[in-house]
Amino acid sequence: MRQHKSLFLVVVMTMFLAMLLGGCGQKKIDGQADMAAGETGAMGPEESLETEPSIENNIMEGRTSGPMLPVYFDFDSSTIRGDQVSRIEKNGDFLKESTDVEIRVEGNCDPRGTSEYNLALGERRALAAKKYLVTLGVDTSRISTVSWGEEKLLLHGHDELSWSQNRRDDFVIVK
């Protein structure tokens, strides 16, 4: 019996040390600190995430119907950021010009947090966008909302770039 206790203790200690020493190292987010000036690294040169949508070819960013643009949010926030105001105003302008269009605002989250929390946060994000569009003069009856929480990720990575692209409202034309 004493041998079993000793063996068990050795196995537990070995597993603990393996987990402690075998954990993932911290990644550098910017990845540029180790490169010489002018090098672009394996990912190539940095490119803008902005797109110029077009009605003719219905280019989409995220899951948003063109010519509208998605609106991105900070972590754990449903407040429309200052740098996203021009995007939602462009969406409002499009909706005011296209009075027969109805949309669904889809609130999305990154995968951190519980499913329940992310569904509630996605709903707050969708409702914040709807409220903003209504203050711009879009009829509330033309806007429905849904929260997908973390269910419809665009990027499945576990890094800030992926998470930032998943924290968004999509504007989808339904009619």
Look at region 97-107 and say how many of its residues are surrounded by 14 or more Cβ atoms within 10 Å (Cβ to Cβ) and either assigned to a helix (DSSP H, G or I) or basic (K, R) (or both). 1
Checked against (1) free of Cβ contacts under 8 Å to residues at least 60 places away in the same chain; (2) within 14 Å of R168 (Cβ to Cβ); (3) in contact with a strand residue (DSSP E or B) (Cβ under 6 Å, 6 or more places away or on another chain), P70 satisfies every condition except (1)
Suppose the filter is more than 13 Å from N166 (Cα to Cα), assigned to a loop (DSSP other than H, G, I, E, B) and modelled with pLDDT of 95 or more; does V138 pass it? yes
Subset of region 132-175 [more than 20 Å from the chain's Cα centre (by Cα) and not polar (S, T, N, Q)]: L133, V134, L136, G137, V138, D139, R142, I143, V174, K175
Would you confirm, using the coordinates I've provided, whether L121 is surrounded by 17 or more Cβ atoms within 10 Å (Cβ to Cβ), touching a strand residue (DSSP E or B) at 6+ places or on another chain (Cβ under 9 Å) and in a helix (DSSP H, G or I)? yes
Being within 14 Å of G62 (Cα to Cα) and at pLDDT below 95, is that true of even one residue in region 110-132? yes
Taking D76, is it exposed (fewer than 14 other Cβ atoms within 10 Å of the Cβ), part of a loop (DSSP other than H, G, I, E, B) and on the phi > 0 side of the Ramachandran plot? yes
Which condition does P67 not pass, out of (1) at pLDDT 95 or above; (2) in contact with a Ser or Thr (Cβ under 8 Å, 6 or more places away or on another chain), if it passes all the others? (1)
Going by what's in this entry, would D110 be described as surrounded by 15 or more Cβ atoms within 10 Å (Cβ to Cβ) and closer than 16 Å to D76 by Cβ? yes
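The values are calculated or read from the model by the stated rules, or taken from the named source; none is laboratory data. Here the structure is a predicted model, which means the values were calculated and not measured. Note: ideal-geometry Cβ built from the backbone for every residue, glycine included; neighbour counts use all protein chains shown.
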